[in-house]
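Asks: Would you mind keeping the following structure in view while I ask a few things?
The values are calculated or read from the model by the stated rules, or taken from the named source; none is laboratory data. Just so it is clear, the model here is predicted, and its values are computed rather than measured. Please note: Cβ atoms are built from the backbone with ideal geometry, for glycine as well, and neighbour counts cover all protein chains shown. The area values use the complete protein model at the heavy-atom level, side chains included, leaving out ligands, DNA and RNA. Shrake-Rupley method; radii C 1.70, N 1.55, O 1.52, S 1.80 Å.
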Amino acid sequence: MQKKIIIAALVAFLSPVIANASCDSVVEEITQKIINNGVPEDSFTVVVVSNEEAASQQGTIVGNCSNETQQIIYTKK
């Protein structure tokens, strides 16, 4: 029983840390998923921009990071 409480406490403590994953790790994860779907690495870009800049960017918003203050944009070359 005490083990379950400790595990639950650790999960509760680490959840915000995981939710605020660094932009680099999120970009890497998204890039890897795109490559795994058969898209050649040199045929696209994935960039991080601020929320304000996202509206003026060409491409598709595929994620966000930094506590949802930045958007991740996918663009075909």
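Asks: Inside the range 19-46, can you point out the residues that are among the β-branched types (Val, Ile, Thr) and within 11 Å of the chain's Cα centre (by Cα)?
Replies: Val26, Val27, Ile30, Thr31, Val46
Asks: Among the residues of the range 31-38, is any open to solvent by less than 60 Å² (accessible area, probe 1.4 Å), within 22 Å of Lys77 (Cα to Cα), at pLDDT 90 or above and in contact with a strand residue (DSSP E or B) (Cβ under 7 Å, 6 or more places away or on another chain)?
Replies: Within the range 31-38, one or more residues are open to solvent by less than 60 Å² (accessible area, probe 1.4 Å), within 22 Å of Lys77 (Cα to Cα), at pLDDT 90 or above and in contact with a strand residue (DSSP E or B) (Cβ under 7 Å, 6 or more places away or on another chain).
Asks: I've got another one for you. If you scan the range 51-67, which residues turn out to be surrounded by fewer than 11 Cβ atoms within 10 Å (Cβ to Cβ) and closer than 20 Å to Ser22 by Cβ?
Replies: Within the range 51-67, just Asn67 meets the criteria.
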